[in-house]
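The values are calculated or read from the model by the stated rules, or taken from the named source; none is laboratory data. Because the structure is a prediction, the values reported are computed rather than measured. No Cβ is skipped: glycine too gets one built from the backbone with ideal geometry, and neighbour counts run over all protein chains shown. Ligands, DNA and RNA are stripped out before the accessible areas are found, and what is left, the full protein with its side chains, is counted by its heavy atoms. Shrake-Rupley method; radii C 1.70, N 1.55, O 1.52, S 1.80 Å.
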Amino acid sequence: MNVHYHDLFSDRYAKKLHIGNTILLFLEATMNGRRSVEEIATNLRSKKWLQQAVQLESIHPSSLNRKLQTVPLDVLKVIYAALVQQIASHYALKSGVGNLGKLRAIDSTEISLPKVHGEWAYVSKSQNAVKMHASLLIAADHHVCADRIVLSTAEIADLNTEVVLALVGDPTETLIMDRGYINYAHFLAWVKAGQPFVARLRADNKCRILHKREVEADSPICLDADVEMVDSNSGEAFNVRLVEYEAVDSRTKKRIRIRVITTRFDLTAKEISEIYRCRWKVELFFKWLKQHVKLEKLYSFKPAAVWNQIYLSLIAHALCELIRLTEQPKGSCWRLLRYLNAYAGETVEDLMTALERTPSRTSRGRRKKRKRGRPRKHPKKLKQAQIIIK
């Protein structure tokens, strides 16, 4: 992105802030997790290197707020698409996750808005929110990128046909979906088109078993069968594979039964369950955006500003992933983001030296010492603590 970039319409009255330095200033704020435009303005006044980069010594917070609303969303989309294209060139030689092939996890996340300023995204009396629908390409175990994004208000359902069709990728990639994407018409269309998918079913979804495969007695796989399902709208039937297995719920820590249907007949039932477990990577992607670049803390609640901030967060993630692929393939995006923030005012050589530094000594970590004596039979009793500090 050129810091000198001026937009013909958005910058026609601009004196200090134009599209180029605005995007750079907000991108720096996004990567550092700054929570308000006041914090961005204060940081600008205190950092000489940032002033030189954006060619501004100071700016009022209200000017930042107004300018964020006028940044054309198409400009941010072009920047993000260019980064994704460069990432895709690194993924081209990747064969996928093990022998499962390349995967594509589809899911969405909501970003809440306040009651009054978020009325334009009204959902219910207790909720105003927008939604980001993401299609995450999983090219390998540690190589993921959301190359397809759809933004909407939270009232738009996950299984909306227009949204789903925009998120579906190449037929060589296996789609992975949760229970929010159950749509028999979509399943039927994908079976006809040869689009492989793995989708989780609810307990009340009906299907007719045609043929059962044998499963090992001590395996978590409960059922592996060919089943017939019927699209109620068209009345047309289609055949898929049903796999049921037991797993431990990450939240309740209880064992649950998971039912998934798939068109992947070339894999074992255990490998099908492994594909569905990879869906968790899209949840980690949403967590990265909300936790590390503070996507949930919006700078403005105007519609244009909200869409722009979401894309700024996506650009921050894509930028970290691209640098990681070229400089630190074995590292993580979070580690790279921390180093980029810490060495923002330093030279590139200093940053690379820090990234490539090897530990001076190895450590096995803190070891838990074995307690002496007999194990405690009764719970430990504590006395009420009374501490006064003057």
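Taking region 173-203 as the region of interest, how many residues are open to solvent by 50 Å² or more (accessible area, probe 1.4 Å) and under 22 Å from the mean Cα position of the chain (by Cα)? Count: 1.
Pairs meeting the criteria (first residue in region 315-330 and more than 20 Å from Ser135 (Cα to Cα), second residue polar (S, T, N, Q) and open to solvent by 20 Å² or more (accessible area, probe 1.4 Å), beta carbons under 8 Å, at least 6 apart or on different chains) are Arg324/Ser332.
The residue that is farthest from the chain's Cα centre (by Cα), counting only those in region 95-126 that are β-branched (Val, Ile, Thr) and under 23 Å from Ile182 (Cβ atoms), is Val123.
Which of the following residues is outside any loop (DSSP other than H, G, I, E, B), in contact (Cβ under 8 Å) with a residue 24 or more places away in the chain and in contact with a Cys (Cβ under 6 Å, 6 or more places away or on another chain): Leu137, Leu151? Break it down stepwise before answering.
Details: Leu151 fails: in contact with a Cys (Cβ under 6 Å, 6 or more places away or on another chain).
Every option except Leu137 fails the conditions.
Going by the conditions given, is Tyr91 of a type in the set (Phe, Trp, Tyr) and open to solvent by less than 40 Å² (accessible area, probe 1.4 Å)?
yes
Restricting region 145-167 to residues that are in contact with a helix residue (DSSP H, G or I) (Cβ under 8 Å, 6 or more places away or on another chain) and farther than 18 Å from Ile111 by Cβ, the residue that is surrounded by the fewest Cβ atoms within 10 Å (Cβ to Cβ) is Thr161.
Could you please give the count of residues in region 114-140 that are open to solvent by 10 Å² or more (accessible area, probe 1.4 Å) and under 17 Å from Trp288 (Cβ atoms)? Looking only at that region, the number is 1.
Quick check on this structure: which one of Thr30, Thr109 is touching a strand residue (DSSP E or B) at 6+ places or on another chain (Cβ under 6 Å), closer than 21 Å to Asn308 by Cα and buried (at least 17 other Cβ atoms within 10 Å of the Cβ)?
None of the other options fit; the residue is Thr109.
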